[in-house]
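Just so it is clear, none of the values below were taken in a lab; they were calculated from the coordinates. Computed from a prediction, not measured in an experiment: that's the story for all the values here. Glycine gets a Cβ as well: all are built from the backbone with ideal geometry, and neighbour counts include every protein chain shown.
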Amino acid sequence: MIDLDFLQYDFMRNALAAGLAASVLCGVIGIYVILNKIVFISDGIAHAAFGGIGLGYFLGYDPLAFGIGSAVITALGIGMVSSRARISEDTAIGVFMATGMALGIMLLTLSQGYARDLYGYLFGNILAVTRSDVLLIAALTLIILALVFLLYKEFLLLSFDPIYAQAIGLPVQSLRLLLLVMVAFSVVILIKIVGIIMVIALLTIPGAISRRHMLGLPAIMAGSILLGAIFVTIGLLISYELDVPSGATIILTAALAFFLSTVLSR
Amino acid sequence: MTENIVSIKGLWICRALHAVLEDINLELAAGDFLGLIGPNGGGKSTLLKAMLGLIKPDRGSIAIFGLPPAAARSRVGYMPQKTVFDQSFPVNVLDVVLMGRYSRTGLMHRYGPHDRIAAQNALAAVGMEDRAMREIGALSGGEQQRVFVARSLVSDPKLLLLDEPTAGVDSAQQTDFYDLLCHLNRDQGIAIVLVSHDVTAISKYVSKIACLNQRLYYHDSKELSNEDIEKAYGCPVEMIAHGTPHRVLREHD
């Protein structure tokens with residue numbers, strides 16, 4: 001029997017609420033990341049966000065807001081570069097990614113009391129999520145869900161066959177940029193939970209498992225949301241009971257499920 | 001009296017200072033079935049894209065149904081060169097065909113019951129109605145090509161632009177496929193532009209033929225002279241037009 005008394009703590013309730021909202025986000029956006037093969041881009045955006053977080057710290061403003069800002073700029077930058085095709089996309093990602101990390105580390109080091117926070121951003125600290133963070137995460141999740149609902153058929157067409165989509169008049173470039181911006185928002189939210197280094201796992205593992213077992217995009221999204229919620233909850237509980245890092249526990253839970261699903265579906 | 005479906009006058013398209021298309025003139029009427037041949041890089045796909053309004057002319061004009069190409073898109077069906085997609089993409093055949101309704105539905109509007117009926121009808125037209133609920137990746141290459149034809153038909157076009165639709169399809173399926181196009185052309189009066197490498201295969205089916213290599217060699221008929229072909233391909237090409245009277249090449253004199 002699981003002991004539910006951990007719910008009496010505010011920080012645990014906030015952590016759980018943030019984790020569940022993030023699962024919804026991962027479930028939906030993660031599928032598009034997989035289908036559009038923008039896993040590396042998403043990872044690059046997460047790392048680039050660190051530059052903004054560092055800048056926020058350094059200037060004494062909200063690091064999360066600055067993180068979102070730099071993630072969006074990076075997303076748009078990569079999106080534009082890939083359409084111009086002067087520089088190859090992965091080169092651009094590599095440059096953005098390393099520059100963001102370097103800036104972040106530099107600026108955090110120059111600020112006071114960086115050590116604990118640096119660790120939190122790199123590896124996540126869901127227990128440090130505040131009530132206002134939860135509200136921000138919930139609001140962003142709702143906005144992104146609304147966009148996906150409104151543009152469901154457009155994103156399906158874009159993901160399946162962008163060449164044809166363009167030929168029949170879909171605004172492919174704008175939709176692609178919008179998708180990258182949604183990824184940028186999602187990724188920054190996930191940084192709060194599992195940290196920059198492990199973001200990509202939480203974004204892709206639920207979708208990758210769900211895709212193997214469900215039929216049709218809506219069912220895959222639903223399955224992916226459910227799996228994300230399970231991983232976050234189990235990971236959070238284990239980390240609370242054993243007093244181990246929450247981000248790593250969540251990712252290891254997800255990874256274990258991924259390997260089990262791979263082995264069992266043979 | 002009736003307006004031409006396609007009217008291209010003095011079309012030039014240049015890319016990086018090189019002319020890709022040079023002074024193209026082409027008129028197509030309702031019910032025409034044009035085979036467009038020519039060497040690789042000769043501008044065949046570019047011409048189709050210009051007809052879809054995806055590439056702007058540098059000189060000259062294109063009118064589709066008397067309209068600028070972008071405005072006529074909802075009346076044009078298009079099938080790109082071999083659709084490359086993730087074979088495990090989670091989408092069923094009906095939803096793939098529905099994608100072709102986008103030009104009629106528009107941004108942010110959902111597909112309605114009439115869109116679904118149109119999709120069912122388009123699948124029936126290509127003989128794939130029993131596959132509607134299957135995942136697209138579970139179909140054979142030939143079946144997938146039929147689904148993509150259905151997708152180009154679902155907007156009820158009066159002009160079909162097909163860019164090497166039989167690439168990667170085996171020869172038995174190719175024959176079926178060409179029969180299907182003939183049926184659409186004759187029985188439903190859809191004008192077709194079929195881009196292909198394979199002159200001998202398509203010459204049996206098309207009603208007109210043109211050869212494109214920067215310039216268009218076209219005599220509003222099913223005949224091309226050896227001279228045209230040699231100019232277009234830049235070297236003498238031996239061609240066997242089988243199945244007379246469907247002859248492509250005039251006797252050499």
*What relative contact order, as a whole-number percentage, does chain A give when Cα pairs under 8 Å and 6 or more residues apart are counted?*
30
*Arrange the following residues from fewest to most other Cβ atoms within 10 Å of their Cβ: B:Val193, A:Val95.*
A:Val95, B:Val193
*In what order do B:Asp179, A:Asp117 fall by count of nearby beta-carbon atoms within 10 Å, going from fewest to most?*
B:Asp179, A:Asp117
*Sites matching trypsin sites (Lys or Arg not before Pro) across the range B:108-140 that sit in DSSP coil, with at most 15 neighbouring C-beta atoms within 10 Å*: B:Arg110, B:Arg134
_Can you report the principal axis dimensions of the range B:106-157 using only the alpha carbons, biggest first, rounded to whole angstrom?_
32, 20, 17
*At most 14 other Cβ atoms within 10 Å and a DSSP loop assignment: could you name the trypsin sites (Lys or Arg not before Pro) in the range A:86-172 that fit?*
A:Arg86
*So what's the projected area for chain A, the Cα convex hull averaged over all directions, in nm²?*
15.1
_Of B:Asn92, A:Thr204, A:Thr99, farthest towards positive along the dipole that unit charges on Lys, Arg, Asp, Glu beta carbons give the protein assembly as shown_ = A:Thr99
*Where q = 0.12 Å⁻¹, what log10 of I(q)/I(0) comes from the Debye formula for the protein assembly as shown, counting one point per Cα?*
-1.06
*How far is helix B:113-125 tilted, in degrees, relative to the longest principal axis of the Cα atoms in chain B, given as a value from 0 to 90 rounded to the nearest 10?*
50
*Spin-label model distance (nm) - A:Phe149 vs B:Lys56, 7 Å beyond Cα toward Cβ*: 3.9
*What FRET efficiency, computed as 1/(1 + (r/R0)^6) with R0 = 30 Å and r the Cβ-Cβ distance, is obtained for A:Ala65 and A:Phe259, rounded to the nearest 0.05?*
0.20
*With r defined as the distance between the Cβ atoms of B:Gln81 and B:Thr105 and R0 fixed at 25 Å, what FRET efficiency is calculated, to the nearest 0.05?*
0.50
*Shielding score for B:189-200, defined as the mean number of other chain Cβ atoms within 10 Å*: 0
*What percent do you get for the relative contact order of the range B:122-241 when only Cα pairs under 8 Å and 6+ apart count?*
18
_Low-density loop positions, chymotrypsin sites (Phe, Trp or Tyr not before Pro), the range A:32-123 - DSSP coil, at most 14 other Cβ in 10 Å_ = A:Tyr61
*Calculate for the protein assembly as shown the 222 nm mean residue ellipticity that helices alone would give, adding -39,500 (n - 2.57) per DSSP H run of length 4 or more and normalising by residue count, nearest 500 deg cm²/dmol.*
-18500 deg cm²/dmol
*Mean separation of Cα pairs under 8 Å and 6+ residues apart, divided by the residue count of chain B: what relative contact order is that in percent?*
25
*Can you tell me the FRET efficiency between B:Ser221 and A:Lys37 if r is taken as the Cβ-Cβ distance and R0 is 41 Å, rounded to the nearest 0.05?*
0.30
*What is the sum of charges around A:Val183, taking Lys and Arg as +1, Asp and Glu as -1, for the other residues whose C-beta is under 15 Å from the C-beta of A:Val183?*
0
*Can you give the charge dipole size of the range B:6-233 about its Cα centre, rounded to the nearest 20 debye, using +1 on the beta carbon of Lys and Arg and -1 on the beta carbon of Asp and Glu?*
760
*With Rg and the Kirkwood Rh both taken from Cα atoms, where does Rg over Rh land for chain B?*
0.97
*asked:* Rounded to the nearest 5, what % of DSSP beta bridges with both residues in the range B:6-233 are antiparallel?
replied: 50
_What lysines does A:Lys37 reach when the alpha-carbon gap must be under 29 Å and sequence neighbours fewer than 8 apart in one chain are set aside?_
A:Lys153, A:Lys192, B:Lys49, B:Lys82
*For a footprinting-style exposure proxy, rank B:Cys182, B:Cys211 by other Cβ within 10 Å, fewest first.*
B:Cys182, B:Cys211
